[in-house]
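Take a look at the structure set out below.
Throughout, read-outs are computed from the coordinates displayed, never taken from laboratory work. Everything quoted here is computed from the prediction, not taken from an experiment. No Cβ is skipped: glycine too gets one built from the backbone with ideal geometry, and neighbour counts run over all protein chains shown.
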Amino acid sequence: MPWTAADVPDQSGRIALVTGASSGIGLETAAVLARRGATVVLACRDLTRARAAAERIGGRTELLELDLASLESVRAAAEQARERYGRLDLLINNAGVMATPRRTTADGFELQFGTNHLGHFAFTGLVLELLRDVPGSRVVVLGSSAHRLARRGVDFADLQSERGYNRVQAYAQSKLANLMFMYSLLRRLTAADVRTTALAAHPGFSHTELTRHVPAVLQGVERIAIAPFAQPAARGALCPLRAATDPGAMGGHYYGPDGPFEVRGWPVLKSAAVPAHDEAAQQRLWTVSEELTGVRYLS
């Protein structure tokens, strides 16, 4: 039997923080958690859109302003979260950008690497104290099957794509970094003997706003060859929901759709590409991420 939203256990009394929850996968993930009784914190850059999302979701929803492309915003949001909440049960690192023209964050990082990886790396470290002593707490990282395109691993010689920029490869590298972060974080959580664990998921190809920056020629290919096979965002959200709530899910599990090429389908266990499991590269990425963000934790 497929795993569906009906399999999400009762979440009453739990607090879940979902980044990028104003639309797409994040919104659908937050909506299910709220329906199952959780207090859901919508951590979003645009509070106007977040308020509209909260009205649509209903239940116990709260807003937190968070722009992952600004370390100042990340620190301010983490401070607010620590002031407001005595704990977090779930942190779902969902927000992201895809295939943007070359731009930089407020701190000078290439936008996709800076937002998708460094922003979440910093925010997770700054709120981890809210999770680490909570039984059953989880950090869920949103990956993408596109991480497989980064076949040579993370380009540490040109992390910010200053020597050359390919928007698809930059996205692939950022999503590979997400998975490497999850495995690194899990190893550190286990060594620290805390109650939090880390997992990952990817939603397949879902109808969301994420592809709005894809070049026009690729959008044409998408509309003709891929879009007919895409799935609704609500179906894609089942993958992070399973990682976040399935009692049988374990640290290091990575969920994706069960259909051909992982484009669509029901959430099942998947294997990340080989570069994601390179522990030496994981350690190097962790060290560089600490240096770039100034956030150090679980050494």
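Taking the centroid of alpha carbons for each part, the stretch 52-78 and the stretch 230-258 are 22 Å apart. Taking only alpha carbon atoms, the stretch 12-293 gives an Rg to Rh ratio of 0.93, where Rh is the Kirkwood radius.
Per-residue Cβ neighbour counts within 10 Å put 250, 180, 1 in the sequence 1, 250, 180, beginning with the fewest. Annotation: the antiparallel percentage among DSSP beta bridges lying fully within the chain is about 15. Take the Cβ atoms of residue 155 and residue 72, set R0 to 35 Å, and the FRET efficiency comes out at 0.85. In order along the stretch 147-158, the phi-based Karplus estimate (6.51 cos²θ - 1.76 cosθ + 1.60, θ = phi - 60°) of 3J(HN,Hα) comes to 4, 5, 6, 8, 5, 8, x, 6, 8, 5, 6, 8 Hz; Gly and Pro are listed as x. With a simple spin-label model that places each label point 7 Å from the Cα along the Cα-to-Cβ direction, the separation between residue 148 and residue 103 comes to 3.0 nm.
Taking R0 as 41 Å, what's the FRET efficiency between residue 35 and residue 280 from their Cβ-Cβ distance, rounded to 0.05? Plugging the Cβ-Cβ distance into 1/(1 + (r/R0)^6) gives 0.45. Among the trypsin sites (Lys or Arg not before Pro) in the stretch 1-100, those located in a DSSP loop and surrounded by at most 15 other Cβ atoms within 10 Å of their own Cβ are 87.
For the stretch 131-141, putting each phi into the Karplus relation 6.51 cos²θ - 1.76 cosθ + 1.60 with θ = phi - 60° gives couplings of 10, 4, 9, 9, x, x, 6, 9, 10, 10, 9 Hz, in residue order, rounded to whole numbers and with x for Gly and Pro. Counting Lys and Arg as +1 and Asp and Glu as -1, what is the net charge of the other residues whose Cβ lies under 11 Å from the Cβ of residue 50? Every neighbour counted, the sum reads 0.
Fewest-first ordering of 18, 268, 274 by other beta carbons within 10 Å of each residue's beta carbon gives 274, 268, 18.
If R0 is 41 Å, the Cβ-Cβ spacing of residue 166 and residue 271 corresponds to a FRET efficiency of close to 0.95. Approximating the spin labels as points 7 Å out from Cα along Cα→Cβ, the residue 129-to-residue 287 distance works out to 2.7 nm.
Dipole size of the chain about its Cα centre, with +1 on Lys/Arg Cβ and -1 on Asp/Glu Cβ: approximately 440 debye, rounded to the nearest 20. As a length-normalised measure over Cα pairs under 8 Å and 6 or more apart, the relative contact order of the stretch 12-293 settles at 18 percent.
Couplings for the stretch 189-198, taken from phi via the Karplus curve 6.51 cos²θ - 1.76 cosθ + 1.60 with θ = phi - 60°, read 4, 5, 5, 7, 6, 9, 8, 8, 10, 10 Hz in order; Gly and Pro are left as x. When 44, 239 are sorted by how many other C-beta atoms sit within 10 angstrom of their C-beta, beginning with the fewest, the order is 44, 239. Candidates 20, 159, 236 compared by Cα position along the dipole of the chain: farthest toward the positive end lies 236, with charges placed on Cβ.
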